[in-house]
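Comments concern the structure below.
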Amino acid sequence: MNNEMLRKKVDQLTIQEKIGQLIQLTGNFFDTHNDSVVTGPQKKIGLSRSYQINNTGSILNTVDKQQIREMQRTHLLKSTHKIPLLFMADIIYGFKTIFPIPLAQTCSWNFPLIEESATVLAKECYEAGIHVTFAPMVDLVRDPRWGRVMEAPGEDTLLGECYAESMVNGIQGNGDAQHIPKGKLAACIKHFAAYGAAVAGREYNSVDMSESMLRNFFLPSYAKGIEAGAKLVMTAFNTLNGIPCTGNKWLNRDMLRDTLHFDGVLISDYAAIDELITHGYAENQTSAAKQALLAGVDIDMKTAVYANKLEKLVKQNQDLHALLDEAVLRVLMLKNDLGLFDDPYRGIQTEEDITNTILSKEHKETALKLAEESIVLLKNNNHTLPLSRNQKVALIGPYAEEKATLGFWAITGDEADTITLKDGLHALLDTSCLSVARGAYLLDKHTENLYDKYNDKLPVESEDEETLLEEAIAIAKTSDIIVLAVGENTYQSGEGGSRTNPVLPATQLRLINALSTLAKPIVLVVYGGRPLILTEVEEKVSAILYAWFPGTMNGLAVANLLTGKANPSAKLSMTFPRSVGQIPIYYNELRTGRPQLDEENTHRFASRYIDQSNLPLYPFGFGKSYTHFQYSDFRLNQEEMTKNEQIKVTLTVKNTGSYSGKEIVQLYICDKVASITRPVKLLKAFKKIDLKVGESQRIEFEIDNNMLKFYHPDGSFDSEHGDFDIFIGKDSAEHLFKRRIRLVSKHNT
Ligand code: NOJ
């Protein structure tokens, strides 16, 4: 159908039918067996009439294909205008084949591979009959106390942009901009906007930031996803400078629609329209419905606000009726772009043409590759790693045999499909070389309130803690090396998983302390949804491999890295603080008038702490390899450029170690003087290269005017003439090359 036909379709609908298109409910509202609606959930959210359920436009988080087919069938039988239901779900980093959590994925800096993972995600969802995924989440994050950093691309704007683009391309396909091809889904950029900056890292808390900070750091990743063609955007739960995002007209109409040119469907986050009342921004549901519609929110996720209040509002006000029509048209356009009017059962296969895509060998291979490239080697003293063949290994820790390594948002994944670390090591080491013990509990008992609903998903610790420790010490004593698999529990991160003190549980710290007295090398493998604070344990171990939540292929990926079958190449997409007191800590901070000039700074009146270093434990961009990369022969083709020119920086990188490996070469820029204070440095380009032993490669970066631009207070995006420092290095802290360049209006000849 073309837009004209869709417009006509909107005109044919009654007001109630139009509103129905804007309602999103969960599957438990529908009873497909007896064609009736279920009154329990209906009452709970205050839906007053059953016809509202019959007119519903979309369904949230029903992912079973038989159920989807049946719900669609019964819906179409009842629907006067035969408008199919849209099925939307939270498939954030994998449907059945689960990839590493997004924060880990961006540590790979391998965006073609991330796109491939999103392609797999889309394929598996497509065959289940899902139409929209609420991914990618592209909120920039600087505070590891916030549990949702696990779903985010990290602290850097450029990595956020690359992630947004590759995910949208992988999910939606980057061909024909309008129609979503077979095997693909519609993508939803979220959460608009700046949800990652919640004060004190506390979930759902308010956000207060300057427009300059918003435009220069936080908005670009959303903008990139929209530019890549994302069909949906989701509002954020938080307030932004005092106004809840879901009722924020400036944010959603002026910024999102007019400035960022988004013309797709804007969906509220879960119950966020109703929460305008709790925010103290709307007096009642009528005013909440009006605020949200005026702000341009098309779909009301999981509340009865639009369902119960819009009818009266639009009958009284023609302008609001026009806004309702616009919103309905956008929803119908999305259904049309997905081809649902032609095939409402899109993607669902009949028994005869099942292709066995789900968890296929190819999908698992992609998941393994991405996991290997996402896991970061943070420390490796005296070449402790890789393990050598003849070493006797004691594999200890609550993550040694743990299958729950998928992370909080893998709601459709099955833990039974994950490979444990023990299984991974068994596949690679001689069984006589490997002994295993749990050593400690995964969680401290009764210390954190993880929400009743998850209690039955927490590990059952039936053994006595003392006995666990003794068993661990016994096997450690007879081994050459200890691989200690520790970490936080799945439910300690993710939505509602904010922590004031993101450290390892006391039970695990006790284990680490006990083993560290045995004078054996310890390799710490850490699982978690955020950068945990490792200061206390860092000195007690010889090596640290940060596994995050690596997904289905967990054990094999970690084992391949531990044994050197794969060489670590990941570099951090988020800073690791030394202490909670340093948070928020991020590499691209704004310059201060009193910088700390060196670590031994004896001046009191500098921007520093008196009780701790300013430096993080591990900086953004940091990650080690088993091999060594030597950088040399830096050249700049010119030191001055106009806005129409480029400067070329070239260098040679050589693999001088004894393993093949991948290196991520990073280029940062600092604008020396500008009309607003600019960051100490900003990542502007990177290259990931693969070098065999002894091999070298000449690398070229091209610095152009776009890299020097920033948003000015009047909203313009431009560069300013003057000096810029260029840094090239292996991470954001250690620069092997530094030169000054100059942007001029014309050359002095
Ligand atoms: C709330 C979360 O904030 C959002 O990311 C998610 O997509 C929705 N719930 C739907 O489950």
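The values are calculated or read from the model by the stated rules, or taken from the named source; none is laboratory data. No experiment lies behind these values; they were computed from the predicted model shown. Heads up, the Cβs are rebuilt from the backbone with ideal geometry, glycines too, and the neighbour counts pull from every protein chain shown. With ligands, DNA and RNA removed, areas are computed over all heavy atoms of the protein, side chains included. Shrake-Rupley method; radii C 1.70, N 1.55, O 1.52, S 1.80 Å.
When we screen LEU442, LEU406, LEU450, LEU425 for residues that are open to solvent by less than 70 Å² (accessible area, probe 1.4 Å) and either under 30 Å from HIS628 (Cβ atoms) or part of a strand (DSSP E or B) (or both), the only hit is LEU425.
Condition test on LEU590, is it loosely packed, with under 15 Cβ neighbours inside 10 Å and hydrophobic (A, V, I, L, M, F, W, C)? So LEU590 passes the test. Scanning segment 321-336 for residues that are surrounded by fewer than 18 Cβ atoms within 10 Å (Cβ to Cβ) and either over 14 Å from THR14 (Cα atoms) or within 30 Å of the chain's Cα centre (by Cα) (or both) yields a single hit, GLU326. Close Cβ contacts (under 7 Å, 6 or more residues apart or on different chains) running from residues in segment 704-715 that are at pLDDT below 95 to residues that are assigned to a strand (DSSP E or B) are absent. Within the bounds of segment 254-268, is there any residue that is open to solvent by less than 30 Å² (accessible area, probe 1.4 Å), away from the ligand (no atom under 14 Å from the Cβ), in a loop (DSSP other than H, G, I, E, B) and over 25 Å from ASN3 (Cα atoms)? No, segment 254-268 contains no residue that is open to solvent by less than 30 Å² (accessible area, probe 1.4 Å), away from the ligand (no atom under 14 Å from the Cβ), in a loop (DSSP other than H, G, I, E, B) and over 25 Å from ASN3 (Cα atoms). Evaluated against (1) at positive phi; (2) open to solvent by less than 40 Å² (accessible area, probe 1.4 Å), ASN382 falls short on exactly one condition, (2). In segment 682-691, the condition of being among the small types (Gly, Ala, Ser), at positive phi and at pLDDT 95 or above is met by no residue. Picking from SER613, SER607, which residue would you name as being open to solvent by less than 30 Å² (accessible area, probe 1.4 Å), under 34 Å from the mean Cα position of the chain (by Cα) and not acidic (Asp, Glu)? Answer to the selection: SER613.
Filtering segment 392-420 to residues that are closer than 26 Å to ARG510 by Cα and small (Gly, Ala, Ser) leaves ALA394, GLY397, ALA400, ALA404, GLY407. Residues in segment 270-291 that are open to solvent by less than 10 Å² (accessible area, probe 1.4 Å) and within 16 Å of the ligand (Cβ to nearest atom): ALA272, ILE273, LEU276.
Of all residues in segment 126-142, exactly one satisfies the criterion of being open to solvent by 10 Å² or more (accessible area, probe 1.4 Å) and closer than 16 Å to GLU589 by Cβ, namely ARG142. Can you spot a residue in segment 209-223 that is surrounded by fewer than 23 Cβ atoms within 10 Å (Cβ to Cβ), under 19 Å from the mean Cα position of the chain (by Cα) and within 16 Å of the ligand (Cβ to nearest atom)? Within segment 209-223, none of the residues are surrounded by fewer than 23 Cβ atoms within 10 Å (Cβ to Cβ), under 19 Å from the mean Cα position of the chain (by Cα) and within 16 Å of the ligand (Cβ to nearest atom). With respect to the stated conditions, MET234 fails to be out of contact with any Pro (no Cβ under 9 Å at 6 or more places or on another chain), more than 15 Å from the ligand (Cβ to nearest atom) and closer than 18 Å to PRO153 by Cβ.
Go through segment 689-714 and report how many residues are touching a helix residue (DSSP H, G or I) at 6+ places or on another chain (Cβ under 8 Å) and of a type in the set (D, E, K, R). Residues in segment 689-714 being touching a helix residue (DSSP H, G or I) at 6+ places or on another chain (Cβ under 8 Å) and of a type in the set (D, E, K, R): 0 in total.
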